[in-house]
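A short worksheet on the structure shown next.
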Amino acid sequence: MRRIVITLLAALAAAPAEAQGSPGARLPREVFDVIPPAARVQGAPGRMRVLQTLCRPGRVDWARRRIVDIAVQEWAVFGFQTIDATQVRTRLLPDGVVADVANPPLARPQQDRPLMRIGRWEGDRRLAATIAGYWSATPDGGQVLARQNRQWRDGEGEINWVQPWSAAFVSWVMCEAGLDQPAAFARDISHRVYIDQAIRARDGQAPEAAYVAHDPGEVEIVPGDLLCNARGEARYATLADRRRELGRYAPTHCDIVVSVQDDRLAVIGGNVINGVSLTLLPLVREPERFPRPVGAQDLEGARTLFAHLQLQAPPIDGDALAMSPTLSALTAGAATPTSEPESSPDDAEEGDAP
């Protein structure tokens, strides 16, 4: 098992039993001052509404550490779900077989994605107010919540969110980390909005932006940065591909870098396998370039990360994940779970339903 996963498993083993994989467990605010996302909304599913849209004021130059620490705590709230994408399988030619163009000596490796699922996911009603709180940090979050309320009222069985919430998760992390001004970070229900802001910053058109876009490998990746890939019909391999379509809709996804090691890095993202998940990604080293995540050109089945959004703040230690308050408390066996302040049916009147 990789070093990061070993660190996690050791921390969980040392934690109190009630904290292990417990959805809703958070550090007390006197240990780590984060306002839970559920505190930003009110009402039970079907009648939920946004109470707070403002963000914690702060400065870009000290946001990096806080971005990582907040993301790690949310990963813990969702039960430490982890995807190891560093595993590969290779196939060598049998002895005596001569390689040629049609029969290469080493077949393209296939990527395995072992999954460690401990906790809960978006269908868990106990996490409804948490995800709704993520939406509250986006300009259109109230409209999404209204649609979700209708789904909760009219649907049957297990009900997931009507719209992917990965960009809302990143937006809330930035909101709580202190990037409160849209000029610094364009919080939105779509990743493409803040990706485009970072591209404009690279082109000198958004001087106040907290993030500046680069092709992976151009600059060093540091915890607190963002790595982004295209999804669905979008086919972006480089920043130039997106620059040609700046401002136009495209399905994309971004994760927050939380650890960088010699040959791999760890990212945390929302709505990854229906939860807040950590993914381990292998790194590629090329001459006169910084290490970059493996892409489809290197490894069959790998996702291509076309954009590295670099935070304009001093770097922090590459092992930021292990140094986070959440994992530090678990390692010390001192984590004290606190209940997520989920909304109850008494929190709002019937007439408050959107």
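Here is how the numbers come out for the structure above:
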item	result
Packing-based exposure ordering (other Cβ within 10 Å, fewest first) of 227, 278	227, 278
Whether the stretch 212-319 is rounded, prolate or oblate, judged on the alpha carbon gyration tensor where a/c under 1.5 counts as rounded	rounded
Fewest-first sequence of 83, 273 by Cβ atoms within 10 Å of each Cβ	273, 83
The stretch 160-200 versus the stretch 227-287: alpha-carbon centroid distance in Å	14 Å
In Hz, Karplus ³J(HN,Hα) per residue of the stretch 173-184 (6.51, -1.76, 1.60; θ = phi - 60°; x = Gly, Pro)	4, 5, 4, 6, 7, x, 8, 8, 9, x, 5, 8
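All of the numbers you see were taken from the coordinates with simple rules; none came from a lab. It should be emphasised that the depicted structure is a prediction, and the values quoted were computed from it without experimental measurement. As a convention, Cβ positions derive from the backbone with ideal geometry for all residues, glycine included, and neighbour counts pool all protein chains shown.
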